[in-house]
Amino acid sequence: MRRVGAFAVLVLMAGLSTSRLAAATPDSPDSSAAPAPAPPAASPAAPAKESSEGRIPIGVGVKMSTLGIGGDVAIAVSHRTNVRFGFNAFSYGHTFDKDGVTYGGTLDLRSAQATYDIFLLKGLHVSPGVLFYNGNQVTANASVPGGQTFTLSNTSYISDAANPVTGTGKLSLYKAAPMMLFGIGNLVPRNSHHFSTSFEIGAAYQGPPRVTLNLGGSACDSTGLFCRTISSDPTIQSNIAAEQAKLNKSASPYKFYPVVSFGVGYKF
């Protein structure tokens, strides 16, 4: 009986040890255990808000200058530089007399430009550039009423009443002209401001002006007796060429054309 009781005690102790070991092992399968709750589903990410960062600032403006009335478009290249494109246009008519010849002249200003603005201190800038289209010119219709005296290269003539002197004149320039401008103001402000003003001064090198003078009709000598057709007389043609050279010399200072401008702008 003692042996049977001892054996029963040993069997009971072994069963208790096995059940404790199974409870202490976390990886042991337990079909009766409830499944672990699934983690909550992540909410969808909110769409990123659109940002203006990375957008290239652009400014537009209008201006008045000695090149005419026009406009500019500027694009920021770096923190201290812009590239700028502009156009100018203006027309003005005026009648004047020179050496007895009446000229009905018209000044036509037509140009397109590109500049590179380098900002030295805030709005203070230097702007090398070019008039890549220079259509500035002066055209004129010339006339001398019949019986009136006029002068060509210091030689006096009288316009023939039967065939008065008429003609045309033109002052033309290089079709492209380098330019240099200095000014204050920035069409593309680097702060939160949108409106801007600018003032610039400089010059464009448009080459020596070239004057062409063409006259027709008949001219008489100072007595009014000996008249001949201008187009067929070599002496008068030579005097016209000399008068043309004199006009070119008078216009030579305008190879450097002064540029003064004032403008207002808006940055987008």
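The values are calculated or read from the model by the stated rules, or taken from the named source; none is laboratory data. The structure displayed is predicted, hence computed values, not measured ones. Glycine gets a Cβ as well: all are built from the backbone with ideal geometry, and neighbour counts include every protein chain shown. Heavy atoms of the whole protein, side chains included, go into the accessibility calculation; ligands, DNA and RNA do not. Shrake-Rupley method; radii C 1.70, N 1.55, O 1.52, S 1.80 Å.
Listing for the model above:
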| quantity | calculated |
| --- | --- |
| Neighbours by Cβ (under 6 Å, 6+ apart or cross-chain): first from the stretch 180-208, at positive phi and open to solvent by less than 80 Å² (accessible area, probe 1.4 Å); second among the aromatic types (Phe, Trp, Tyr) and part of a loop (DSSP other than H, G, I, E, B) | Gly207/Tyr174 |
| Strands (runs of 3 or more DSSP E) contained entirely in the stretch 202-268, each with at least 1 residues that are within 23 Å of Tyr133 (Cα to Cα) | 210-216, 256-267 |
| Residue count for the stretch 143-171, restricted to those that are part of a strand (DSSP E or B) and either hydroxyl-bearing (Ser, Thr, Tyr) or surrounded by fewer than 21 Cβ atoms within 10 Å (Cβ to Cβ) (or both) | 12 |
| Residues satisfying the stated conditions in the stretch 86-129, i.e. in contact (Cβ under 8 Å) with a residue 40 or more places away in the chain, open to solvent by less than 50 Å² (accessible area, probe 1.4 Å) and of a type in the set (A, V, I, L, M) | Val101, Leu109, Val126 |
| Top-ranked residue in the stretch 240-268 [being at pLDDT below 95 and polar (S, T, N, Q); ranked as farthest from Thr66 (Cα to Cα)] | Gln244 |
